[in-house]
Each structure stands twice: as structure tokens, then as C-alpha cells.
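What follows is a single structure, written as C-alpha cells, with notes after it.
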Amino acid sequence: MSRLTARELTLAYEDRTVVHELDLAVPDGQVTVIVGPNACGKSTTLRALGRLLKPKHGAVLLDGAELAKIPTKKIAQAIGLLPQSPVAPEAITVADLVSRGRQPHQHWWQQWSDEDERAVTDAMERTDVTALAERPVDALSGGQRQRVWIAMALAQETDLLLLDEPTTYLDISHQVEVLDLVRQLNHDHARTVVMVLHDLNQAARYADHLVAMKQGRIVAEGRPQDIVTANLVREVFGLTSVVIPDPVTGSPLVIPGAPWTPVTPPTPQNTQAPASRTDVAGTGPKATAPPRDPADTSRTT
């Protein structure tokens, strides 16, 4: 089953088509990761799944209905979206920004509830930003800001969560924390997650369903262990590699081919012509003795 699907989806920016007649069914209750080279259409596809981009042709469906025909508030109650490089209002604090994730659940007669408070507190704790609650978002580091945005998306508490490069600006330890959090949310709350990631090995490790795109089309999709091969990596990324089992998880681990190394220039010994034979004293070419005259009986001592 799939609550969120795309049918013959074509996406464009003005006259430039980015995604071509894409069909995709997001598996319910699983983590789907979209990978591919830069400008292949993966982030554009995610924007369309969250109704941030109107299709040129085709449609995105939520529970069988076109997103374009569903009220915005109802979509916001079902789909949470963290786009690339979001911009926070000037001088807004961390707590205020995370609280905005609760807006789809509020009504004019009830602006804030205990449930809203619980959701915001839980989201901030899960993303380790509680200590930053009163600080302005624009005063934070890039990694801290990214965790705050993720907290806002979590506070929305939607069944479907779309994350566009959620590990951007994060060091390796926080990347793992965020991806582990996504897996935990999926496991504990059965949330359906769609992520765009650049790191193919992270994608293969955390995805239940992997979608590989190139030039606006899906090249392959399925379980990482079924589709990630050296041939796929070469076809999608143009990279020579070896694919082995991850020693920790057993998921595919892509090892790039040998890195570039400088060519060692020939040594002088290798570039000179072979040395000529020298005489006994080693001071010059060894002379060839002229033919001896048989009549000459003189001898040297």
C-alpha cells in the first residue's frame, strides 16, 4: 500500500524540464531514500511530493486524491516537509520556530494546548536543541540551525515526513544521530519517511526502499541490497567502484576505485643513453687496437 504516489509526473522550471514522466509509490511505514548525482531531479521530486512545486504534467496523490485539490491545512496535517536551506524569520528564537510546527493542528478557538507543548518539548529533546530554546536561530551555527529545523518538522507529528538533505551542515556524529532518529521515528511511530541524501553509503544503510535517479528519471528502485551494485554506481554516478557488505550492518558499502596519484617522473638514470664503455683507467672510451702487423716482432713490457 502507498498513501503517497506520483503518476506520470513531469516537473519543470519555466521551460526547463527536470523530471520526466516519473511514477513512484512511496511504501507506507518505511524509510525511502532518493539518491542520484547533482541536478538529477531528486530534490525537485521531493518538493512536488510536498506540494511546493506544481506539476507540469501528471499528479501527486495523497490517499488517492490529487494534492492540488486538497486544502493546504489538511496536507500540513498529513505531510511534514523540511526543504533545502530554509530561512527563519529574523530574530525568532529556537522555541518559537519549533512551535510553528504545531500550527496545522491549531484552531482559532484553541491556539495552544498541552498536546502542543508535549510535541514541541519532545521534538527539541530528540534533536538535542533544548538548551538553545531562548537563543535566536540566526545566531546559531549551521549544524545547530539544521537540528532546529528538523525539530520543527518533528513537532508537526505527521504520518508522512519529507526531508531534503537533512544532514547538511552536520558533522559526522550529528549526521548519524539524525539518521538514527529518523529510523527510530519510523520504528516507534510507523512514520513514513522520504529523504534525499547525497551519501550513497548512508542511504544504503538507512533506507528500506532506495530510489536511484539520473537525468530526471528513475534508474532503479528497491531494497538497497537488491539494487546497489558496481554497475548501478557506474551508470548513475559514472564512478568505478567495488561494492561489499558493510561489516556492521550487512548493507551494501560502496568503495570508490583507486584515488588519483601523481605519475612519478622518470629518474635521470632512466632517461640517459646507455653509458659508453670506458678504458681501463675509466677516463674515456676504450680504444680499439689496430690490427697487428705480423712482421712487427716488437713487444711491450
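The values are calculated or read from the model by the stated rules, or taken from the named source; none is laboratory data. Everything quoted here is computed from the prediction, not taken from an experiment. We place every Cβ from the backbone using ideal geometry, glycine too, and count neighbours over all the protein chains shown.
Among the numbered conditions (1) modelled with pLDDT under 95; (2) outside any loop (DSSP other than H, G, I, E, B), the only one that Ile255 does not meet is (1).
For the residues Gln202, Gln156, the requirement of being at pLDDT 90 or above and within 15 Å of the chain's Cα centre (by Cα) singles out Gln202. For segment 6-27, the count of residues that are closer than 21 Å to Leu200 by Cβ, touching a His at 6+ places or on another chain (Cβ under 9 Å) and in contact (Cβ under 8 Å) with a residue 40 or more places away in the chain is at least one.
To keep it simple, each residue is scored yes or no on (1) under 30 Å from Asp23 (Cα atoms); (2) at pLDDT below 95; (3) not in a loop (DSSP other than H, G, I, E, B).
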| site | (1), (2), (3) |
| --- | --- |
| Ala212 | yes, no, yes |
| Asn231 | yes, no, yes |
| Thr264 | no, yes, no |
| Asn270 | no, yes, yes |
| Ser276 | no, yes, no |
| Thr288 | no, yes, no |
| Pro291 | no, yes, no |
| Pro294 | no, yes, no |
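Just one of (1) hydrophobic (A, V, I, L, M, F, W, C); (2) closer than 20 Å to Gln202 by Cα; (3) surrounded by 21 or more Cβ atoms within 10 Å (Cβ to Cβ) fails for Val176. It is (3). Among the residues of segment 121-138, not a single one is touching a strand residue (DSSP E or B) at 6+ places or on another chain (Cβ under 8 Å) and closer than 23 Å to Lys74 by Cβ. Restricting segment 74-132 to residues that are within 24 Å of Asp188 (Cα to Cα) and acidic (Asp, Glu), the residue that is surrounded by the fewest Cβ atoms within 10 Å (Cβ to Cβ) is Asp114.
No other residue among Ser2, Ser43, Ser113, Ser85 is closer than 17 Å to Ala155 by Cα and among the hydroxyl-bearing types (Ser, Thr, Tyr) apart from Ser113. The residue that is surrounded by the fewest Cβ atoms within 10 Å (Cβ to Cβ), counting only those in segment 37-69 that are assigned to a strand (DSSP E or B) and without any contact (Cβ under 8 Å) to a residue 40 or more places away in the chain, is Ala65.
Matching residues to (1) touching a Lys or Arg at 6+ places or on another chain (Cβ under 7 Å); (2) hydrophobic (A, V, I, L, M, F, W, C); (3) at pLDDT 90 or above:
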| residue | (1), (2), (3) |
| --- | --- |
| Val18 | no, yes, yes |
| Arg51 | no, no, yes |
| Ala59 | yes, yes, yes |
| Ala78 | no, yes, yes |
| Pro89 | no, no, no |
| Ser99 | no, no, yes |
| Val120 | yes, yes, yes |
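Just one of the numbered conditions (1) surrounded by 22 or more Cβ atoms within 10 Å (Cβ to Cβ); (2) modelled with pLDDT of 90 or more is not true of Gln146: (2). Residues that are among the acidic types (Asp, Glu) and within 21 Å of Leu179 (Cβ to Cβ) within segment 227-261 comprise just one, Asp246. Look at segment 127-154: where a residue is without any contact (Cβ under 8 Å) to a residue 24 or more places away in the chain and more than 12 Å from Val178 (Cβ to Cβ) and a partner is among the basic types (Lys, Arg) and not in a helix (DSSP H, G or I), sitting 6+ places away or on another chain with Cβ atoms under 9 Å, you get Gln144/Arg135. Val196 passes every criterion in (1) within 17 Å of the chain's Cα centre (by Cα); (2) at pLDDT below 95; (3) closer than 17 Å to Ala25 by Cα apart from (2). Taken over segment 182-200, the criterion of being surrounded by 19 or more Cβ atoms within 10 Å (Cβ to Cβ) and not in a loop (DSSP other than H, G, I, E, B) is satisfied by Val182, Thr192, Val193, Val194, Met195, Val196, Leu200. Checking each residue in segment 28-61 for being in contact with a helix residue (DSSP H, G or I) (Cβ under 9 Å, 6 or more places away or on another chain) and among the polar types (S, T, N, Q) picks out only Gln30. Of the residues examined, Gly64 is one that is among the small types (Gly, Ala, Ser) and on the phi > 0 side of the Ramachandran plot.
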